[in-house]
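The structure appears below as structure tokens.
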Ligand SMILES: NC(=O)c1ccc[n+]([C@@H]2O[C@H](COP(=O)([O-])OP(=O)(O)OC[C@H]3O[C@@H](n4cnc5c(N)ncnc54)[C@H](OP(=O)(O)O)[C@@H]3O)[C@@H](O)[C@H]2O)c1
């Protein structure tokens, strides 16, 4: 496992991270977590809103306080793109305290404002006491580092992070980057470098469903078909051809997807995985430079113009 610097936190994080939004309800979750630790993964992303993920991690990670856990406070009434902002400093502090209890820890390594979806609600978060509450938790040692994640379904061009990163207010941001939504590579990552902010990638496989996502050729072609239908890609060859992605061989679609992300200057790429077998597949991609310039350039010329996320 290789480790990268998480911006100004100076933490060294495994380039492959674990996104614990799925699979925590399985009986074999502790075995999965231990396989993940054995592989050298030291960064795990969770949230108060991911069912019992924090509780399950708290149990599975007992005795492993060296593993870095990132969790989140959601200041909206749902995860919908049109959710209502309802953040308050009291709710933020109560949420962080609950996270500490569920995770069985005396500090949170990273606390994020979850899914900040508009510039206007980011401004409210900064002004209504929520941000100050995060800073206070950091000053008290209950949280080591603070940040926000975006909601890329509502903000495919990362307007929120483009505003937030240069303020210097945050140590870490969580952003979507995958080969069907490449916009962060040109907009957010250069800002993270400039302001020394840790860049944690989410949805590297575009948060796949059974039918659509970067997990197989048919699922990737279905996602591309949805982009064509939405007018994000031309309704003409090569985008409409069944052999569109053949140039990625011998890599599988998920391998190419993770390689695409890791070929960027990101701190860690958090992928969801529900089995040790899946983990073993994904460990195979960890060989710099991850993706050759020809395949990367072809992905950029085919999909670099996409400005909104389709799933
Ligand atoms: N706004 C936010 O803050 C936000 C939003 C979304 C996600 N996140 C975070 O980012 C993390 C990653 O997102 P995600 O899990 O939704 O999406 P993802 O990482 O893009 O995709 C995870 C899915 O891909 C499948 N997969 C992984 N490796 C594979 C492989 N080699 N071959 C085939 N399928 C493979 C997994 O299948 P199996 O389950 O079958 O193993 C899992 O269902 C989340 O866990 C969460 O922590 C944050």
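Scan the stretch 228-250 and give yes if some residue there is assigned to a helix (DSSP H, G or I) and either within 13 Å of the ligand (Cβ to nearest atom) or within 18 Å of the chain's Cα centre (by Cα) (or both), otherwise no.
No, there is no match, as no residue in the stretch 228-250 is assigned to a helix (DSSP H, G or I) and either within 13 Å of the ligand (Cβ to nearest atom) or within 18 Å of the chain's Cα centre (by Cα) (or both).
Residues are listed down the side, and each one gets a yes or a no for (1) surrounded by 17 or more Cβ atoms within 10 Å (Cβ to Cβ); (2) within 12 Å of the ligand (Cβ to nearest atom); (3) in contact (Cβ under 8 Å) with a residue 40 or more places away in the chain:
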{"residue": "16", "(1), (2), (3)": "yes, yes, yes"}
{"residue": "32", "(1), (2), (3)": "yes, yes, yes"}
{"residue": "56", "(1), (2), (3)": "yes, no, no"}
{"residue": "65", "(1), (2), (3)": "no, no, yes"}
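Do we have residue 83 as assigned to a loop (DSSP other than H, G, I, E, B), at pLDDT 95 or above and under 19 Å from the mean Cα position of the chain (by Cα) here? Quick ask: steps written out before the conclusion?
Details: assigned to a loop (DSSP other than H, G, I, E, B): yes; at pLDDT 95 or above: yes; under 19 Å from the mean Cα position of the chain (by Cα): no.
It is false that residue 83 is assigned to a loop (DSSP other than H, G, I, E, B), at pLDDT 95 or above and under 19 Å from the mean Cα position of the chain (by Cα).
Between a first residue in the stretch 258-270 that is assigned to a helix (DSSP H, G or I) and a second residue that is modelled with pLDDT of 95 or more and away from the ligand (no atom under 13 Å from the Cβ), which pairs have beta carbons less than 7 Å apart while being 6 or more apart in sequence or on different chains?
259/290; 259/291; 260/291; 260/296; 260/299; 262/15; 262/290
Okay, residues lined up against (1) touching a strand residue (DSSP E or B) at 6+ places or on another chain (Cβ under 8 Å); (2) within 15 Å of the ligand (Cβ to nearest atom):
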site: 20; (1), (2): yes, yes
site: 25; (1), (2): no, yes
site: 37; (1), (2): no, no
site: 40; (1), (2): yes, no
site: 68; (1), (2): yes, yes
site: 93; (1), (2): no, no
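When residue 225 is evaluated against the numbered criteria (1) more than 21 Å from the chain's Cα centre (by Cα); (2) within 15 Å of the ligand (Cβ to nearest atom); (3) under 15 Å from residue 179 (Cα atoms), which criterion, by number, is the only one it fails?
(2)
Could you check, for the stretch 288-296, whether at least one of its residues is near the ligand (Cβ under 9 Å from one of its atoms) and either surrounded by 21 or more Cβ atoms within 10 Å (Cβ to Cβ) or closer than 24 Å to residue 196 by Cα (or both)?
No - not one qualifying residue is present in the stretch 288-296.
Are any residues in the stretch 271-303 closer than 29 Å to residue 236 by Cα and outside any loop (DSSP other than H, G, I, E, B), and if so, which ones?
Matches in the stretch 271-303: 293, 294, 295, 296, 297, 298, 299, 300, 301, 302, 303.
Restricting attention to the stretch 251-277, which residues are out of contact with any strand residue (DSSP E or B) (no Cβ under 9 Å at 6 or more places or on another chain) and within 14 Å of the ligand (Cβ to nearest atom)?
Step one: list which residues in the stretch 251-277 are out of contact with any strand residue (DSSP E or B) (no Cβ under 9 Å at 6 or more places or on another chain), which gives 251-253, 255-256, 259, 263, 274-277.
Result: 251, 252, 253, 255, 256, 259, 274, 275, 276, 277.
For residue 160, are the conditions met, namely being assigned to a helix (DSSP H, G or I), within 17 Å of the chain's Cα centre (by Cα) and buried (at least 16 other Cβ atoms within 10 Å of the Cβ)?
yes
Out of 155, 109, 65, I need the residue that is outside any loop (DSSP other than H, G, I, E, B) and at pLDDT 95 or above. Which one?
109
Looking at 135, 143, 197, 188, which one is under 27 Å from residue 290 (Cβ atoms), away from the ligand (no atom under 13 Å from the Cβ), without any contact (Cβ under 8 Å) to a residue 60 or more places away in the chain and touching a strand residue (DSSP E or B) at 6+ places or on another chain (Cβ under 9 Å)?
Every option except 188 fails the conditions.
Go through the stretch 122-142 and give me each residue that's assigned to a loop (DSSP other than H, G, I, E, B) and farther than 16 Å from residue 74 by Cβ.
Listed by number, the residues that qualify are 129, 140, 141, 142.
Name the pairs whose Cβ atoms lie under 6 Å apart, with the first residue in the stretch 208-236 and more than 12 Å from residue 311 (Cα to Cα), the second assigned to a helix (DSSP H, G or I) and away from the ligand (no atom under 14 Å from the Cβ), and 6 or more positions between them or separate chains?
From residues that are more than 12 Å from residue 311 (Cα to Cα), the pairs are 233/227; 235/228.
Being assigned to a helix (DSSP H, G or I) and in contact with a strand residue (DSSP E or B) (Cβ under 8 Å, 6 or more places away or on another chain), is that true of even one residue in the stretch 164-179?
Yes, the stretch 164-179 contains a residue that is assigned to a helix (DSSP H, G or I) and in contact with a strand residue (DSSP E or B) (Cβ under 8 Å, 6 or more places away or on another chain).
The values are calculated or read from the model by the stated rules, or taken from the named source; none is laboratory data. Computed from a predicted structure; not experimentally measured. Counting neighbours? That spans all protein chains shown, and the Cβs are built from the backbone with ideal geometry, glycine included.
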